[in-house]
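Notes for the one structure printed next.
The values are calculated or read from the model by the stated rules, or taken from the named source; none is laboratory data. Since we're looking at a predicted model, the values are computed, not measured. Because the Cβ atoms are built from the backbone with ideal geometry, glycine has one as well, and the counts that use them run over all protein chains shown.
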Amino acid sequence: MTPATILTELEQYPASLDTGSALIREVENGLARSPRSLPPWMFYDAWGSCLFERITTLPEYYPSRIEREMLVQFAEEIVARVRPNLSQMLRVFELGAGTAAKTGILLEAALRSHGRVTYVPCDVSPEALDQACTSIELLLPTVQLKPIVGNYVTHPPQLARAKGTTLALYIGTSIGNFSPQAARTILCNLRSQMHSGDALLLGTDMVKDEEILLAAYDDEQGVTADFNLNILRRLNRELGADFDSAGFRHRVRWNRAESRIEMHLESLREQYVRIPAAKLLLHFAQGETIHTENSYKFTQNAISALLDDAGFKIEQMWQDPLEWYSLTLAGAQ
């Protein structure tokens, strides 16, 4: 499958976003009120997706490194628990797939054990999906690819009924970017597309020392800061805004009461910003912030409660030796 073919296939899916309208709506909802905020899906234009891939390789950003090590160690066991009937096809459906840098580990284990695998990656970034499908096709050419481009939060994907078992993946700590209520809604929407015998593999970052958490979101190289500031540059590019990114700085906070890391963009001076496409003129006071992302950190009890509320039952939980990260396999009840 060539990149051109992959993009053609992506264009066949009706779940793609009217990105301009979605950006305008989020700007109107989040920047025209106080406190100001923007949703994290807006990070992931083509350049933002590239920056995030760089973040996952940074020494401070332990979640990706630990999760990869755990997948290498436990992939065979995960697949075996999901696929007791070897005659069935396995469909792997991934929310927020990105470039699927770690998913190939599971897909390879599934092929070794069972032979027939369909991979359905879903992501808001068509560029990231293009890269994901290209890399999986080169690594595992017998895997059938059915990508979906769309915002799974605002437009929950509708999965066709499949013969066999579905393993849904929500890894990479992505669930932590949403409030507990929103996370529950995402998982409930996912559960509505699954059937008895299907399963979910959920990746979650665990509560740990504040110093470790802060470093993971404020690296010495400044890649995460660039990733955060890119959201302003995206609004400039796509909505004709006139944000001066040099007039804002990346700020990270640990909100102990809410058990979450918060990322903000702080205005370094009093300034005005125009966003013509949204017909907005915004005034920022010095020190005022735009809240761009949360990353909730979990306990085992919190994971259990979230999955139970969404209609899943925990079958197995794996953790690294330091108990910094968890992979949880849960069956659809």
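Being within 20 Å of Tyr44 (Cβ to Cβ) and in contact with a Lys or Arg (Cβ under 6 Å, 6 or more places away or on another chain) is true of Glu262. Every listed requirement among (1) farther than 16 Å from Ile66 by Cβ; (2) crowded, with 16+ Cβ neighbours inside 10 Å; (3) at pLDDT below 95 is met by Thr173 save one, (1). The listed residues are Glu69, Glu76, Glu127, and the only one of them that is surrounded by fewer than 23 Cβ atoms within 10 Å (Cβ to Cβ), within 19 Å of Glu315 (Cα to Cα) and among the acidic types (Asp, Glu) turns out to be Glu76.
Mind listing whichever residues of segment 98-139 are of a type in the set (Gly, Ala, Ser), under 18 Å from Thr165 (Cα atoms) and under 15 Å from the mean Cα position of the chain (by Cα)? Answer for segment 98-139, where residues must be of a type in the set (Gly, Ala, Ser), under 18 Å from Thr165 (Cα atoms) and under 15 Å from the mean Cα position of the chain (by Cα): there is none.
When you scan segment 80-91, do you find a residue that is under 22 Å from Arg65 (Cα atoms) and either among the hydrophobic types (A, V, I, L, M, F, W, C) or at pLDDT 95 or above (or both), even just one?
So the first thing to find is which residues in segment 80-91 are under 22 Å from Arg65 (Cα atoms), and the list is none.
No, the conditions are met nowhere in segment 80-91.
Scanning segment 16-52 for residues that are among the charged types (D, E, K, R), surrounded by 17 or more Cβ atoms within 10 Å (Cβ to Cβ) and outside any loop (DSSP other than H, G, I, E, B) yields Glu26, Arg36. Residue under question is Thr142, and the condition is that it be more than 30 Å from Leu265 (Cβ to Cβ), over 16 Å from the mean Cα position of the chain (by Cα), surrounded by 17 or more Cβ atoms within 10 Å (Cβ to Cβ) and of a type in the set (Val, Ile, Thr); does it hold? Judged against the criteria, Thr142 is not a match. If you go through segment 240-281 and keep only what is of a type in the set (Ser, Thr, Tyr) and either surrounded by 15 or more Cβ atoms within 10 Å (Cβ to Cβ) or assigned to a loop (DSSP other than H, G, I, E, B) (or both), you end up with Ser245, Ser259, Ser267. Would you be able to say whether some residue in segment 227-240 is closer than 22 Å to Pro63 by Cα, over 22 Å from the mean Cα position of the chain (by Cα) and either of a type outside the set (Gly, Ala, Ser) or assigned by TED's automatic domain parsing to the domain that holds Leu23 (or both)? Checking segment 227-240: not a single residue is closer than 22 Å to Pro63 by Cα, over 22 Å from the mean Cα position of the chain (by Cα) and either of a type outside the set (Gly, Ala, Ser) or assigned by TED's automatic domain parsing to the domain that holds Leu23 (or both). When Thr224 is tested against the conditions (1) closer than 30 Å to Gln333 by Cα; (2) buried (at least 18 other Cβ atoms within 10 Å of the Cβ), the lone failure is (1).
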